[in-house]
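Peer 1: Okay, here's the structure, questions in a sec.
No lab work stands behind these numbers, since they all come straight from the coordinates. Just so we're clear, the structure is a prediction, and the values are computed from it rather than from any experiment. No Cβ is skipped: glycine too gets one built from the backbone with ideal geometry, and neighbour counts run over all protein chains shown.
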Amino acid sequence: MIQDIMPGTEEQLNKEMTSGYIGFDPTADSLHIGSLVPILLLVHLQQAGHKPYALVGGATGMVGDPSGKSEERNLLSEDILQHNLDCVQKQLEKFLDFDSTKPNAAVMVNNYDWFKNFSFLNFIRDVGKHITVNYMMAKDSVKKRLEGETGMSFTEFTYQLVQGYDFYWLYENKGCKLQMGGSDQWGNIVTGTELIRRKSAGEAFAFTCPLVTKSDGGKFGKTEKGNIWLDAKKTSPYQFYQFWLNATDEDAKKWIKTFTLLPKETIDSLITEHDAAPHQRSLQKKLAEQLTIFVHSPEDYNFAIQASEILFSNDTAEILQSLNEEQLLQVLE
């Protein structure tokens with residue numbers, strides 16, 4: 001799950017309980033399976049005894065991140081943002097332990113809290129003067145957009161300073177020394193460590209995970225119907241289960257290592273078993289089981305199995321009678 005890592009990061013994590021954070025983008029009222037990788041990074045971090053911070057970008061959601069985007073993003077109103085933030089928080093509470101009596105309890109923060117009273121003049125004086133334009137222009141996310149036809153607005157150009165300041169604020173106020181994210185975030189994250197170095201003479205750390213891809217070149221987490229969401233109302237547990245079940249052999253081998261918390265030995269033996277009889281799709285079944293239970297529940301997983309059986313079973317009438325209306329509609333779809 002590691003692509004780039006800053007020197008000293010591993011030593012820091014072995015030395016003491018470390019607070020680390022990942023930013024989540026509140027542009028929708030549900031996270032999708034692309035967000036599972038950062039969620040799992042925080043889960044691993046907490047399980048290893050460290051303290052995870054989930055930052056939801058109430059302020060950055062108003063600006064838009066140019067990383068990996070070819071065009072400017074629509075800006076959201078405060079009401080919609082607030083609704084999205086509430087929904088995202090509920091989802092994260094399912095995966096992380098927020099019990100405040102524990103020293104490494106997960107914490108949710110919203111960068112709107114420290115940006116809402118930050119005047120433009122103060123920002124360019126306190127933050128802008130520490131990072132050169134040459135440094136900002138050297139970032140891939142900026143270069144690509146400047147070379148493209150649409151160019152880039154000043155708003156998006158300053159995004160890396162805003163995200164960099166998040167890291168600085170968390171470092172100063174929460175003792176947060178680590179930021180993680182997808183590999184497309186490396187430039188933004190490093191700007192944060194640089195700001196901490198220049199403004200506080202402090203040392204901060206970072207690593208990124210590879211972006212998940214599909215072997216056929218298609219976009220991960222997208223189907224003809226759109227995103228695979230974590231919200232059961234947007235993507236039914238049955239459809240969610242089917243997505244993982246339909247993974248190619250190549251993708252299943254890659255994804256089981258990234259998306260499950262299974263020990264390495266278990267994964268190795270599953271892959272061996274799968275290679276001996278690929279037609280049984282034992283790897284895909286295990287992947288679909290682990291993820292459906294992790295994101296939804298054991299009951300939803302059992303229902304997904306039942307629903308799949310309806311299509312290939314002789315006891316269809318019996319199974320259909322055991323379903324409620326909502327489940328029945330999911331299956332018929």
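Peer 1: Tell me the net charge near E326. Cut-off is 15 Å between Cβ atoms, E326 excluded, with +1 for each Lys or Arg and -1 for each Asp or Glu.
Peer 2: Local charge sum for E326: -3.
Peer 1: By counting other Cβ atoms within 10 Å of each Cβ, how are E203, E156 ranked from fewest to most?
Peer 2: So the residues, fewest neighbours to most, are E203, E156.
Peer 1: Give me the net charge of P237's neighbourhood, meaning all other residues with Cβ under 14 Å from the Cβ of P237; Lys, Arg count +1, Asp, Glu -1.
Peer 2: Working: positive: K94, K233, K234; negative: D231, E289, E299, D300, E326, E333.
Around P237, the surrounding residues sum to -3.
Peer 1: Mind listing the long-range amide H neighbours of H32? Cut-off is under 5 Å, sequence gap 5 or more, other chains count too, H placed in the peptide plane at 1.01 Å from N.
Peer 2: L230
Peer 1: Below 8 Å, C-alpha to C-alpha, sequence gap of six or more: please give me the relative contact order for the chain in percent.
Peer 2: 20 percent.
Peer 1: While we're on this one: In nm, to one decimal, how far is the modelled label at M137 from the one at K225, with both set 7 Å along Cα→Cβ?
Peer 2: The answer from the label model is 4.8 nm.
Peer 1: Here is a follow-up. Can you compute 3J(HN,Hα) from phi for each residue in the stretch 153-160, using the Karplus curve 6.51 cos²θ - 1.76 cosθ + 1.60 with θ = phi - 60°, rounded to whole Hz and x for Gly and Pro?
Peer 2: Values per residue, Gly and Pro as x: 6, 4, 3, 6, 4, 7, 3, 5 Hz.
Peer 1: Pulled fully out, how much extra length does the chain show between D79 and A317, if you take 0.36 nm times their separation in residues and subtract their Cα-Cα distance?
Peer 2: Difference between extended and current length: 81.0 nm.
Peer 1: Would you give the gap between the C-alpha center of the stretch 213-272 and the C-alpha center of the stretch 285-333, rounded to a whole Å?
Peer 2: Spelled out, the Cα-based centre of one part sits 17 Å from the other.
Peer 1: Answer with one residue from S297, V37, W255: the one whose Cα lies farthest towards the positive end of the charge dipole of the chain, charges on Cβ with Lys, Arg +1 and Asp, Glu -1.
Peer 2: Selected residue: V37.
Peer 1: Taking amide H positions as placed in the peptide plane 1.01 Å from N, state which residues far from A59 in sequence (5 or more) or on other chains have amide H under 5 Å from it.
Peer 2: For A59, whose amide H was placed from the backbone, the distant partners under 5 Å are N111, Y112.
Peer 1: Please state the shape class of the stretch 222-332: rounded when a/c is under 1.5, otherwise prolate if a/b exceeds b/c and oblate if not, all from the C-alpha gyration tensor. Provide the component values of the computation, followed by the final result.
Peer 2: On the way: a/c = 2.05, a/b = 1.52, b/c = 1.35.
Since a/c reaches 1.5 and a/b is larger than b/c, the shape of the stretch 222-332 is classed as prolate.
Peer 1: Within the set of other residues whose C-beta is less than 9 Å from the C-beta of A252, count the net charge using Lys and Arg as +1 and Asp and Glu as -1.
Peer 2: +1
Peer 1: Using r as the Cβ-Cβ distance of W114 and K233, and R0 as 22 Å, what FRET efficiency do you calculate, to the nearest 0.05? Working shown, then result.
Peer 2: On the way: r = 32 Å, r/R0 = 1.47.
Once rounded, the FRET efficiency stands at 0.10.
Peer 1: Let me ask something else about it. Loop only by DSSP, 11 or fewer other Cβ within 10 Å of the Cβ. Give me the trypsin sites (Lys or Arg not before Pro) in the stretch 171-235 that pass, ordered by residue number. Walk me through the intermediate numbers first.
Peer 2: Details: sites: K174, K177, R197, R198, K199, K214, K219, K222, K225, K233, K234; in loops: K214, K219, K225, K233, K234.
Counting only loop positions with at most 11 other Cβ atoms within 10 Å, the trypsin sites (Lys or Arg not before Pro) in the stretch 171-235 are K219, K225, K233.
Peer 1: Using DSSP to define loop residues, name the chymotrypsin sites (Phe, Trp or Tyr not before Pro) in the stretch 145-222 whose beta-carbon has at most 16 other beta-carbon atoms within 10 Å.
Peer 2: F220
Peer 1: Find the relative contact order for the stretch 222-332 and round it to a whole percent, using C-alpha pairs within less than 8 Å whose residues are 6+ positions apart.
Peer 2: 31 percent
Peer 1: With both partners inside the chain, how many of the DSSP beta bridges are antiparallel, as a percent to the nearest 5?
Peer 2: Numbers: 4 of 22 bridges.
About 20 percent, rounded to the nearest 5.
Peer 1: Moving on to the next point. What are the ³J(HN,Hα) values, in whole Hz, obtained from phi via the Karplus relation 6.51 cos²θ - 1.76 cosθ + 1.60 with θ = phi - 60°, for each residue of the stretch 31-44 in sequence order, with x given for Gly and Pro?
Peer 2: 7, 10, 5, x, 7, 5, 5, x, 4, 5, 4, 5, 5, 4
Peer 1: As a footprinting exposure proxy, order I196, I305, I5 by other Cβ within 10 Å, with the fewest listed first.
Peer 2: Fewest-to-most Cβ neighbours within 10 Å comes out as I5, I305, I196.
Peer 1: In whole Hz, with x marking every Gly and Pro, tabulate ³J(HN,Hα) for the stretch 91-108 from phi via Karplus 6.51 cos²θ - 1.76 cosθ + 1.60, θ = phi - 60°.
Peer 2: Residue by residue, the stretch 91-108 yields 5, 5, 5, 6, 9, 10, 8, 9, 5, 5, 7, 8, x, 10, 4, 5, 10, 9 Hz.
Peer 1: G20's amide H: which non-local residues (gap 5+, or another chain) put their own amide H closer than 5 Å, with H modeled 1.01 Å from N in plane and none for Pro or chain starts?
Peer 2: K51, Y53
Peer 1: Let a ≥ b ≥ c be the square roots of the eigenvalues of the Cα gyration tensor of the chain; is it rounded (a/c under 1.5), or, if not, prolate (a/b larger than b/c) or oblate?
Peer 2: prolate
Peer 1: For the chain, what is the charge dipole size about the Cα centre, in debye to the nearest 20, if Lys and Arg each add +1 at the Cβ and Asp and Glu each add -1 at the Cβ?
Peer 2: In debye, rounded to 20, the chain gives about 1180.
Peer 1: Right, next: Are there any GluC sites (Glu not before Pro) in the stretch 2-59 that are in a DSSP loop and have at most 13 other Cβ atoms within 10 Å? List them by number.
Peer 2: Passing both the DSSP loop test and the Cβ count: E16.
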